Amino acid sequence: MRPRSMARRAFVNHLVVVISYVVSALFLFILGWVLYEVVSRGGAAWNWSFFTKLPTPPGISGGGLGNAIVGTLMMTVLAVVIGVPVGLLAGVYLAEFGVESRFANVLRFMCSVLMGTPSIIIGMFVYALLVVPVRQFSGYAGAAALAILMLPVVTKTAEDILKLVPDTLRESALTLAAPRWKVTLGIVFRAGKSGLLTGILLAVARISGETAPLLFTTLNSPYWPGWLKQPTANLTVTIFNYAMSPYVDWQQKAWGASLLITVSVLLLTVITRFSLRDNRKWSS
């Protein structure tokens, strides 16, 4: 085999570096362009009425998306209440008890499949399970769909973080005759709390922009969400409806709602990065 010349290897290396810089610059340009459009178009829609008032009828300017903001928060909180405990328990089983058992391997495989499943499939599943039998769209169904989307993210993150906790901590507590469940909750969870919080925030960011599941389960509503037993207003479906409308005021509000979701995801991402950095410092 003839060795390649140093000049050719250096040329290929420099070429790959240049391509990497170009692709990175292109990515940053596209991201900056998207952010510029969202901020410039959506910022004009932000005012007190946008956050506090109900939407106006088609063709009439004014009003706001207060009901959609409240509805989104209610469904997100309910999804977190449903999805986070189940995901954490599954992660605890995989990291602490199941380890390499057959059932644990099947659970990991199903978790990976669920993580790659398109959200519209989850929406159709919840539609057939919770909407069709009662013949009623509801915020509960939407929260259930969002909780299912959260499950694999929380489970995988919890398993990975708990595996990073040194076994010496578990063994020290067990030698003091502490119950296994108390060791897991009082010591292992406390040691990996920043990483677990990271997984939860990533899961919330994952569901914050989902539209397809809510189209199948929650639909939308022009009223304040009193109970989640009825169709519930939410930001993503509102963006879907308003962006395709012929009314300039509705289109502007769609940009405002897009900016609100973008800012929320950005804040969650920043918090997640700081939490992950703190967890890495601890683990090192």
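The values are calculated or read from the model by the stated rules, or taken from the named source; none is laboratory data. The structure displayed is predicted, hence computed values, not measured ones. Backbone-built Cβ (ideal geometry, glycine too); neighbour counts: all protein chains shown. Ligands, DNA and RNA are excluded from the accessible area calculation, which covers all protein heavy atoms including side chains. Shrake-Rupley method; radii C 1.70, N 1.55, O 1.52, S 1.80 Å.
Brief remarks on what is shown
- Note on the chain: with a GNM built from Cα contacts shorter than 10 Å, the maximum mean-square fluctuation among VAL23, VAL77, VAL153 falls on VAL23.
- The solvent-accessible area of PHE29, taken with every protein chain present and a 1.4 Å probe, is close to 130 Å².
- When you restrict to C-alpha pairs under 8 Å that are six or more residues apart and normalise by the size of the chain, the relative contact order lands at 26 percent.
- Within the shell of other residues whose beta carbon sits under 14 angstrom from the beta carbon of VAL265, the net charge comes to +1, with Lys and Arg scored +1 and Asp and Glu -1.
- Cα-only radius of gyration and Dmax that characterise segment 122-167, units Å: 15.6, 51
- Largest-first principal axis extents, alpha carbons of segment 21-75, Å: 48, 28, 19
- Between segment 106-182 and segment 1-73, the Cα center-to-center distance that results, in Å: 29
- Only protein heavy atoms count here; on that basis, with a 1.4 Å probe, TYR36 has an accessible area of about 140 Å².
- Of the DSSP H helices in the chain, those with a Cα length along their own long axis of 20 Å or more and a mean Kyte-Doolittle hydropathy reaching -1.0 comprise 6-42, 66-92, 102-116, 139-164, 193-207, 248-283.
- Counting only protein chain heavy atoms and rolling a 1.4 Å probe, the accessible areas of VAL106, VAL131 rank, largest first, as VAL106, VAL131.
- Size estimate for segment 166-240 follows the Kirkwood approach: the inverse of mean 1/r over distinct Cα pairs works out to 15.9 Å.
- Point-to-point label distance, ARG180-GLU37, nm (Cα→Cβ direction, 7 Å offset): 5.4
- Annotation for segment 114-164: trypsin sites (Lys or Arg not before Pro) lying in DSSP loop with at most 15 further Cβ atoms inside 10 Å of their Cβ are ARG135.
- When the alpha carbon gyration tensor of segment 1-92 is reduced to an equivalent ellipsoid, the three semi-axes, largest first, read 50, 27, 8 Å.
- Shape parameters for segment 153-203, alpha-carbon atoms, Rg then Dmax in Å: 11.5, 36
- Only Lys, Arg, Asp and Glu carry charge here, each on its Cβ (+1 for the first two, -1 for the last two); on that basis the chain has a dipole of about 740 debye about its Cα centre.
- Distance between the 7 Å Cα→Cβ label points at VAL248 and LEU267: 3.1 nm.
- √(5λ) per eigenvalue of the Cα gyration tensor, the chain, largest first, Å: 38, 31, 18
- Solvent-accessible area of MET124 with every protein chain in place, 1.4 Å probe, in Å² to the nearest 10: 100
- Measuring nothing but protein heavy atoms, the accessible surface of segment 12-108 at 1.4 Å probe radius is 78 percent carbon and sulfur.
- Top positive-direction residue, dipole computed over the chain with Cβ charges, set ASN234, SER208, ALA128: SER208
- Take every Cα pair under 8 Å whose residues are at least 6 apart in sequence, average their separation, divide by the length of segment 45-169, and the relative contact order is 32 percent.
- If you count Lys pairs in the chain whose Cα atoms are under 24 Å apart, skipping same-chain pairs closer than 8 places in sequence, the total is 10.
- Radius ratio Rg over Rh of segment 53-98, counting only Cα atoms, Kirkwood formula for Rh: 1.43
- Surface composition of segment 181-282: carbon plus sulfur atoms hold 67% of the accessible area, using a 1.4 angstrom probe and ignoring ligands, DNA and RNA.
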